[in-house]
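Enquirer: Structure below; questions to follow.
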There are 2 protein chains.
Amino acid sequence: MKRTFEIDPWKVITHELNPEDKRLQESMTSIGNEYMGMRGMFEEKYSGDSHQGIYLGGVWYPDKTRVGWWKIGYPEYFGKVPNAIDFISVDIKINGESIDLAKDSFSDFELCLDMKRGILSRSFIVEKDGHKIEVKSERFVSIAFKELYANKLTFTNLSNESVKIEVQSLINADVYNEDSNYGEQFWGVLNKEVADKTGRLVGQTVENNFGTPRFTVEMAMSHETELSAAKSENEEKYIANNFEGTIEPDQTVSFEKRVIVTTSRDYDTDEALDEATTNLMNKAGEQSYDQLVKAQEDAWAERWTKSDITIDGDEAAQQGIRFNLFQLFSTYYGNDARLNIGPKGFTGEKYGGATYWDTEAFCLPVYLGTSDPKVSENLLMYRYNQLPAAFHNAQQQGLDGALYPMVTFNGVECHNEWEITFEEIHRNSDIAYAIYNYAKTTGDNTYALHEGSEVLVAIARFWADRVHFSERNDKYMIHGVTGADEYQNNVDNNWYTNATAKWELKYTLEVLEEVSEEQAKKLAVSDEEKAKWQDIVDKMYLPEDKELGIFVQHDGFLDKEITLDENNNPINKVPADELPINQHWSWDKILRSPYIKQADVLQAMWYFMDDFTEEQKKRNFDFYEPLTVHESSLSAPIYAIMAADLRYQEKSVELYERTARLDLDNYNNDTKDGLHITAMSGGWLAIVQGFAGMRVNDGQLQFKPFVPQAWNGYNFRLNFRDRLLEIDVTKENTEIKLLKGEPLTIKLNGEDVEVK
Amino acid sequence: MKRTFEIDPWKVITHELNPEDKRLQESMTSIGNEYMGMRGMFEEKYSGDSHQGIYLGGVWYPDKTRVGWWKIGYPEYFGKVPNAIDFISVDIKINGESIDLAKDSFSDFELCLDMKRGILSRSFIVEKDGHKIEVKSERFVSIAFKELYANKLTFTNLSNESVKIEVQSLINADVYNEDSNYGEQFWGVLNKEVADKTGRLVGQTVENNFGTPRFTVEMAMSHETELSAAKSENEEKYIANNFEGTIEPDQTVSFEKRVIVTTSRDYDTDEALDEATTNLMNKAGEQSYDQLVKAQEDAWAERWTKSDITIDGDEAAQQGIRFNLFQLFSTYYGNDARLNIGPKGFTGEKYGGATYWDTEAFCLPVYLGTSDPKVSENLLMYRYNQLPAAFHNAQQQGLDGALYPMVTFNGVECHNEWEITFEEIHRNSDIAYAIYNYAKTTGDNTYALHEGSEVLVAIARFWADRVHFSERNDKYMIHGVTGADEYQNNVDNNWYTNATAKWELKYTLEVLEEVSEEQAKKLAVSDEEKAKWQDIVDKMYLPEDKELGIFVQHDGFLDKEITLDENNNPINKVPADELPINQHWSWDKILRSPYIKQADVLQAMWYFMDDFTEEQKKRNFDFYEPLTVHESSLSAPIYAIMAADLRYQEKSVELYERTARLDLDNYNNDTKDGLHITAMSGGWLAIVQGFAGMRVNDGQLQFKPFVPQAWNGYNFRLNFRDRLLEIDVTKENTEIKLLKGEPLTIKLNGEDVEVK
């Protein structure tokens, strides 16, 4: 745990610059607009350790897979997110020397991400050649104008002599990827041109061996400044516009850079790309910098109106939840059904911008509660559109139906670890659950009965083929899987996988009863198939230990080295100095230990929370919680909700803090690699589903709130079936206001309440 | 299955050249002398598909490991065997055009590996420019002069016009590796020189990032021919001696090439390497080609005297067993304790020249029976010398004691698949078993009580740390392992692993009772440790199914999709057209299926064959055999021995054939990648331990022979405790002759017999 930023309700702000925390700071000050994004590295030179990272939504590269011994069913390629062509670098020279905070003396440093406005700013006073210069920078990627990046710099001469300033503004394709496994280059330059204050560069991802499309990207820059244009540069891998001038004592000079980024994802031909870039550059030129900022502020204000959560009495918690929502929305806001939510969003390369099951399991509920249904529906459409690729993935394993990928850019599995790729197949049920969850929450069955039913049937066919019948046990089983808990892999009969597969088959049979005749014809599920599915539902093996009163995570789990107390709960504990175990223990030791990375049995219990008795929830929570090390950022929120449900308030709050401030406090000691974007859902889940006890049962919205002891109260907005509600929870009572839409009856602490 | 060579008792011979079988032919005609070896590619140009492969014993390269997500305990580097600098290529031009059998018309083709003499020869008549030329080639790597490669070519002009001939003889460092994962180059050139008929090239393996030694290799060539020397070439990556002349009608011209290969493995400095090469070249120069051939023939004759097996009545079987022994001895004959037996020896790159557990489990018994004890002792010393690296490997996993590598060149684990690397740990017991087996067979405890005891204690410490105690079961267990059967990995309580770990601890405790006081002091095993080991021996969990009367391969194995017949034996069968399953099924399907790659439970039963009842052996064989697909070349011999023991003669013979002619008949459809060198032990094991029922119990040699129905009889030599025996088995009786050494009493069919 390391807190490098100050506590502030709306800002991620610091007045310190420590070289050893540079990467951490860069991750924390990432900005994005779903279309593109970047880490918080400086625009000007910085010769210390830093991770330059700019990423474009949906732009990826299939690298060849390298393994020990190749086997059938391994993915053909390994998808990577290429670090984009750098369009933000601006070299600033004072009297001929570049500003470089890794070397220069400086004071009055401030770095601030304003989450309310979506603007990253920075200021400092640097000493160059005996002169003090104040530098201010402000930048954003616009959520009102997706192709636009804007950066405004100002320089004030605080010395009593004039200084010479030179500014070199770049678009540079000489970029290396920084992944755990290589330092390669993924961009070639197709075209370039420069004028005095403008320039454009067209790049293309390098060739690949797998026939997936190469991406063409065009970046155009323009500048506004009091400085004079100097000779531009047009080199092999970069272009630069140069500016120079003199700053008199006390004078302030400003420098503004705008970049338009377009890609072949949106334009078919080079000509169309070029034309679009020109038009967009012109469009941006019609507005002043302040107007562009205003549009950004307004757009963010609209998002916050629908989603803000205020916490009374705990600024750290307040900052946490806003950081969560800000970063989640910066990564995805449902404007493009071809995009999804990468675990690191635009903030790093590790796990990159690929799509995981995190989206359906953790993020979808947040979007359902905080934004228009269209945003969530686009997440569902993403999977529907990738159904052909999911059929391909199953076929690669010799299986019927559809297997959604563990890691993907285009729907085809592109991560190569067999124990993950074709074993962590619970994702198929998670994706089905999202269809159910959407219908249940919105009350709208349209998707489920049309596109959704195709997805459900395809997944059901997969499950029906993937289970096997064990004669000896007279049960259907699922062998060779990895649950959500990746610290135990290639196990047999993971309860979570078995339970959700059974549910998926059951739900699909239910949906089939409701689809139109036309749709049923399209789905072409035979009576034989249905009978088989029903048989699996009836005879699915679900490991359980009656004596302990728990669902057993998988076969053999209880044979591990587990010591029980008098209540039959484990007393095993990892020594504090060996946490996180994935940074201290060998994989061998982790696999054999009873320690659990993230909610597994409890993940499925959360999905169907109200189907279990209080006793079942308690027994399972009490057994699994002490064994869980929460080394996935997606673990704590689920346990927080479960703890809240059991009224383990202290535990629930502890887990909330771990979730909401995971990156702000660098709990897992890995935030330097990028933010845990999909886990940004955790704070919202813990507050809304946890503390407030929000549920939707039989179409009715329900709450059973409590206020964490250290808080005075909290207040959140909720989008529910064409209504915007405000729920205000204090220690005394809960007030629910209808801000928009028709009155409705909700259940509050078990009582029906009319909200008008 | 594909038989591309003719049946012949001493030869691997064919009169056909089919381009699609070229790689297969190259594998089959590989030659080696433990120090170096090569595939049977042609010396002259061949523009068709071919796998040029020359390898040097102990020369390897550590490549960087690339994985999905890195975890602690994964090996630092991935060891590869580099394809050596090519010293055999000879381009032959007739009237200016290169001979190239991929393009030219030719007749009278013969390719012949003479196993008796260790010589590969080839002849054909090729038509070039309207002229018929007969070409003959003969080559060998000398087992009497390890650094020497010799090649003799003769050209006879069968046309009625004279032809011009040009011969270019090369040493060429421009070589690409051909592994499943890359096509890279591993050689740089340090030095070169050429004269008229001689030349030398010094190469070095490229730099690596892991601090392991780079290898320097010097190759020097000289030539004898009636042709005149033309201008030599000294290019960036190769050198060439050129020759030219005219061949008159009916005239025969000969061309002889000798190459000396030395490496930095034997010489510390470049100067020493240079000097040694010169001396060796001079030494070779003192002998005529015929003398060099004679020395080769004599040396092979000596090996055959000690080891030959003759089979009366089945030439295919005869050819099989000789091919086995020839290839095994070509790979290793115990002259250098730093070398070992790679699964593909010098015949391919896949699995390369690395050391596996195959050596101890399968090859050692063959050497014990066919050669001097020194050969076997060197195999044991190899592991003793690598003990420090084995400590390192265990430490990488956070474990006590020593973990011998799954794949290695220097003792450090260098293969990266976690399910193999740190899970297939039965190898530790296999290596301990070799110590026991050596002592038991030779009657010599010296190694076991000295170096061996250090290895045993180090392995015992590993096991004591690697097991865990399951309170619930009051048993020690071993979770997270892969047995010999890699088609079921990351399993719990693999019977083979648990049983052999238990045995290892027990044997180590026994050895500790016998070691000298001095050695005991060195080993420093505390009473507490001994007590712990004894406790593990007493409480080790060994999965068993009383009802089926079998040892269970691992927890959950019986929950797989297995259908039993009325005798409780599985009736599962893989359709013939889906075999081998590893070329037809996804890894996912294989892992979940009940099909077994190679002897697993039966491997351990074989080790301790006489500790089990007839009923136990029968029940386990009958249960596991139908499920076993024998897709490791190391499977069939073990089942053959067990079948012979149970007098399932037909099954035993079927399995012998599969073993002994595995490559000759290309059973697994992968011989083109190289031969299954360590499996060359299988034929001998099946005949000697199987058909002849050879055992050593309480120091006594025992036989219980039968003759396969299709054979008239068989005869084999056996080296046993300073004696050379000849065992002659016919359908009528068994005759045992003492060819060398003192008389002894053996047990034949249960009766004591004095052999004089």
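The values are calculated or read from the model by the stated rules, or taken from the named source; none is laboratory data. None of these values were measured; they are calculated from a predicted model. Every residue, glycine as well, gets a Cβ built from its backbone with ideal geometry; the counts of neighbours run over all protein chains shown. Side chains included, ligands, DNA and RNA excluded: accessible areas come from the protein's heavy atoms. Shrake-Rupley method; radii C 1.70, N 1.55, O 1.52, S 1.80 Å.
Enquirer: For a bin width of 10 Å, list the pair-distance distribution of the range A:1-129 built from all Cα-Cα distances, rounded to whole %.
Expert: Going from the shortest bin to the longest, the percentages are 11, 34, 29, 16, 8, 3, 0.
Enquirer: So what's the angle, to the nearest 10 degrees on a 0 to 90 scale, between helix A:387-396 and the longest Cα principal axis of chain A?
Expert: 70 degrees
Enquirer: Follow-up. Using each residue's phi in the range A:84-90, evaluate 6.51 cos²θ - 1.76 cosθ + 1.60 at θ = phi - 60° and report the 3J(HN,Hα) Karplus result to the nearest Hz, with x for Gly and Pro.
Expert: Couplings: 6, 4, 6, 10, 10, 5, 9 Hz.
Enquirer: A further question on this structure: If you wrap chain A's Cα atoms in a convex hull and average its projection over all directions, what's the area in nm²?
Expert: Working: hull surface 134.5 nm².
Averaged projected area of chain A's Cα convex hull equals 33.6 nm².
Enquirer: Any idea what the relative contact order of the range B:275-422 is, in percent, if you count C-alpha pairs under 8 Å spaced at least 6 apart? Write out the running numbers ahead of the final one.
Expert: Working: 145 pairs, mean separation 21.3, N = 148.
Relative contact order for the range B:275-422 comes out at 14 percent.
Enquirer: Output wanted: per-residue J couplings in Hz (rounded whole) for the range A:326-332, from phi through Karplus 6.51 cos²θ - 1.76 cosθ + 1.60, θ = phi - 60°, x for Gly and Pro.
Expert: 4, 6, 5, 5, 5, 8, 8
Enquirer: So for the range A:426-585, what are the equivalent ellipsoid semi-axes in whole Å, largest first, each being the square root of 5 times an eigenvalue of the Cα gyration tensor? Please report the intermediate quantities before stating the final value.
Expert: On the way: eigenvalues 254, 73, 36 Å².
One finds semi-axes of 36, 19, 13 Å for the range A:426-585.
Enquirer: The protein assembly as shown: percent of C-alpha pairs farther apart than 51 Å? The partial results should precede the final answer.
Expert: Numbers: 486599 of 1142316 pairs.
It works out to 43 percent of all Cα pairs.
Enquirer: Sort out for me the Cα centre separation of the range A:70-124 from the range B:181-213, rounded to whole Å.
Expert: If you average the Cα positions of each part, the centres end up 42 Å apart.
Enquirer: Would you please give the residues with an amide H less than 5 Å from that of B:LEU701, counting only those at least 5 places away or on a separate chain, with H modeled from the backbone geometry?
Expert: B:LYS747
Enquirer: Moving to a separate point now. Where the centroid of each part is defined by its Cα atoms, how far is the range A:412-472 from the range B:492-544 in Å?
Expert: 49 Å
Enquirer: Hey, could you pull the Cα Rg and Dmax for the range B:420-477, both in Å?
Expert: Both quantities, over Cα of the range B:420-477: 14.2, 44 Å.
Enquirer: PRE reach from B:LYS740 (point 7 Å along Cα→Cβ): which of the range B:432-453 fall under 17 Å by backbone N?
Expert: Within reach of a label on B:LYS740: B:442.
Enquirer: Checking buried surface per residue: for the range A:55-79, which residues lose a minimum of 40 Å² accessible area in the protein assembly relative to the chain alone (1.4 Å probe)?
Expert: Those are A:ARG66, A:GLY68, A:TRP69, A:LYS71, A:ILE72, which lose 40 Å² or more relative to the chain on its own.
Enquirer: Points 7 angstrom from Cα along the Cβ direction at B:MET381 and A:GLN395: gap in nanometres?
Expert: 5.8 nm
Enquirer: At what distance in nm do the modelled label points of A:GLU315 and B:ALA531 sit from each other, each positioned 7 Å from its Cα along Cα→Cβ?
Expert: The answer from the label model is 6.0 nm.
Enquirer: Which whole-number percent is the relative contact order of the range B:45-130 (Cα, under 8 Å, 6+ apart)?
Expert: 28 percent
Enquirer: I need the phi-derived Karplus couplings for the range A:263-270: 6.51 cos²θ - 1.76 cosθ + 1.60, θ = phi - 60°, integer Hz, Gly and Pro marked x.
Expert: Along the range A:263-270, the couplings run 9, 5, 4, 9, 10, 5, 10, 4 Hz.
Enquirer: Something else now. Taking the Cα atoms of the range B:73-161 alone, what are Rg (to one decimal) and Dmax (as a whole number) in Å?
Expert: 18.2, 71
Enquirer: Now for a different question. Output the 0 to 90 degree angle, nearest 10, between the alpha-carbon long axis of helix A:289-307 and the longest principal axis computed from the alpha carbons of chain A.
Expert: Roughly 20 degrees between the two axes.
Enquirer: How much accessible area per residue does the protein assembly as shown have, counting only protein heavy atoms and a probe of 1.4 Å, in square angstrom?
Expert: Per residue, the protein assembly as shown has an accessible area of 35 Å².
Enquirer: For chain B, what is the relative contact order in percent, using Cα pairs closer than 8 Å and at least 6 residues apart in sequence?
Expert: 12 percent
Enquirer: How are the C-alpha pair distances of the range A:110-176 spread across 10 Å bins, as whole percents from the shortest bin up?
Expert: Using 10 Å bins, I get a P(r) of 17, 37, 32, 14, 1 for the range A:110-176.
Enquirer: Specify the angular offset, from 0 to 90 degrees and rounded to the nearest 10, of the alpha carbon long axis of helix A:373-385 from the longest principal axis of the alpha carbons in chain A.
Expert: 80 degrees
Enquirer: Using a 10 Å cut-off around each Cβ of peptide A:417-423, what is the average number of partner chain Cβ atoms that fall inside? It would help to have the intermediate numbers written out before the result.
Expert: On the way: counts 6, 8, 6, 2, 3, 5, 5.
Mean partner-chain Cβ count within 10 Å for A:417-423: 5.
Enquirer: Then there's this: Counting only protein heavy atoms, probe 1.4 Å: which residues of the range B:368-399 lose 40 Å² or more of accessible surface in the full assembly compared with their chain by itself?
Expert: Listed in order, they are B:GLN397.
Enquirer: What residues qualify as long-range amide H neighbours of A:MET36, i.e. H under 5 Å apart, gap of 5 or more or another chain, H built at 1.01 Å from N?
Expert: Residues meeting the criterion, in which the H sits 1.01 Å from N, are A:GLY57.
Enquirer: On to the next question. Peptide B:469-482: average number of partner chain Cβ atoms within 10 Å per residue? Please report the intermediate quantities before stating the final value.
Expert: On the way: counts 2, 6, 7, 8, 2, 0, 1, 0, 5, 1, 8, 10, 2, 1.
Mean number of neighbouring Cβ atoms from other chains: 4.
Enquirer: Something else: Can you list the lysines whose alpha carbon is less than 29 Å from that of B:LYS740, not counting same-chain residues fewer than 8 positions off?
Expert: B:LYS11, B:LYS116, B:LYS146, B:LYS294, B:LYS306, B:LYS374, B:LYS440, B:LYS704, B:LYS731, B:LYS756
Enquirer: If I model a spin label as a point 7 Å beyond the Cα along the Cα-Cβ vector, how far apart are those points for A:THR305 and B:ASP196 in nm?
Expert: Rounded to a tenth, the inter-label distance reads 9.8 nm.
Enquirer: Taking amide H atoms as placed 1.01 Å from N in the peptide plane, list the residues 5 or more away in sequence, or in a different chain, whose amide H sits under 5 Å from that of B:TYR238.
Expert: Those qualifying (amide H under 5 Å, at least 5 residues apart or on another chain) are B:ALA173.
Enquirer: Past the 26 angstrom mark, what percentage of all C-alpha to C-alpha distances in the range B:238-359 do you count?
Expert: Of all Cα-Cα pairs in the range B:238-359, 48 percent lie more than 26 Å apart.
Enquirer: Right, here's the next one. What is the local net charge at A:ALA229, summed over the other residues whose Cβ is closer than 11 Å to its Cβ (Lys, Arg +1; Asp, Glu -1)?
Expert: Details: positive: A:LYS197, A:LYS231; negative: A:ASP196, A:GLU244.
Net of charged neighbours comes to 0.
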